1. Just to be sure, is residue 102 surrounded by 13 or more Cβ atoms within 10 Å (Cβ to Cβ), among the small types (Gly, Ala, Ser), out of contact with any His (no Cβ under 7 Å at 6 or more places or on another chain) and part of a helix (DSSP H, G or I)?
2. Could you list, in sequence order, all residues of region 37-75 that are in contact with a helix residue (DSSP H, G or I) (Cβ under 9 Å, 6 or more places away or on another chain) and acidic (Asp, Glu)?
3. Could you please give the count of residues in region 26-46 that are of a type outside the set (Asp, Glu), part of a strand (DSSP E or B) and surrounded by fewer than 22 Cβ atoms within 10 Å (Cβ to Cβ)?
4. Regarding region 50-62, can at least one residue be identified that is of a type in the set (D, E, K, R), over 16 Å from residue 145 (Cβ atoms) and assigned to a strand (DSSP E or B)?
5. For region 49-61, give me the residue count where each residue is under 22 Å from residue 2 (Cβ atoms) and exposed (fewer than 15 other Cβ atoms within 10 Å of the Cβ).
6. Output the qualifying pairs, or none if there are none: Cβ atoms under 6 angstrom, residues six or more apart or on different chains, first residue in region 102-129 and of a type in the set (S, T, N, Q), second residue modelled with pLDDT of 95 or more.
7. Can you go through 95, 140, 80 and tell me which one is more than 23 Å from residue 35 (Cβ to Cβ) and surrounded by fewer than 20 Cβ atoms within 10 Å (Cβ to Cβ)?
Amino acid sequence: MKAVIQRVTSASVSVEGKTVGQIGQGILILLGVEKGDAEPQANWLADKICSLRFFSDNDGKMNLSVQDIGGSLLVVSQFTLAGNCAKGKRPSFDTAAPADEGKRLYEYFVTAAGRTGIPVETGIFQADMQVSLVNDGPVTFILERQP
């Protein structure tokens, strides 16, 4: 399981011109599910993201979590994170989880993140989505599942 997380002042996701999820200050999470991923990886990743201290305190140091600042999460499925571009000119998605398993673990991740009490918005799994954001900093991290 991989996630690209971005500290944002605002973010939204639209499908067919209609906004389906939006947040103010918080974290935009682009989430990719790979073969072999399971609930332990989703739990670890949700806990890590929700407790990661990468928002600035009054001294300008990354010392606060999304929960500390009263922020929200916007979780968008992104199977292309499982893409391998090492060979050839076209990405291979051999490591991506099958769609039904990807959806199940994506929804599980959303539920796990929501258990923290942090408000969670989402996109629509497998939809053609347009994501808009204002990256704050910019601050972006890539997190991968732990074995």
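The values are calculated or read from the model by the stated rules, or taken from the named source; none is laboratory data. The structure displayed is predicted, hence computed values, not measured ones. Cβ coordinates were reconstructed from backbone atoms using ideal geometry, including for glycine residues, and neighbour counts include every protein chain displayed.
1. Here the answer is yes, as residue 102 does meet what is asked.
2. Within region 37-75, 37, 39, 47 qualify.
3. Qualifying residue count for the region: 1.
4. no
5. 2
6. Within 6 Å, the pairs are 116/50; 122/21; 122/75; 122/110.
7. Within the list 95, 140, 80, the selection yields 140.
Quick grid of which residues meet (1) closer than 22 Å to residue 130 by Cα; (2) without any contact (Cβ under 8 Å) to a residue 40 or more places away in the chain; (3) of a type in the set (Asp, Glu):
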{"position": "5", "(1), (2), (3)": "yes, no, no"}
{"position": "19", "(1), (2), (3)": "yes, yes, no"}
{"position": "33", "(1), (2), (3)": "yes, no, no"}
{"position": "44", "(1), (2), (3)": "no, no, no"}
{"position": "52", "(1), (2), (3)": "no, no, no"}
{"position": "57", "(1), (2), (3)": "no, yes, yes"}
{"position": "61", "(1), (2), (3)": "no, yes, no"}
{"position": "69", "(1), (2), (3)": "no, no, no"}
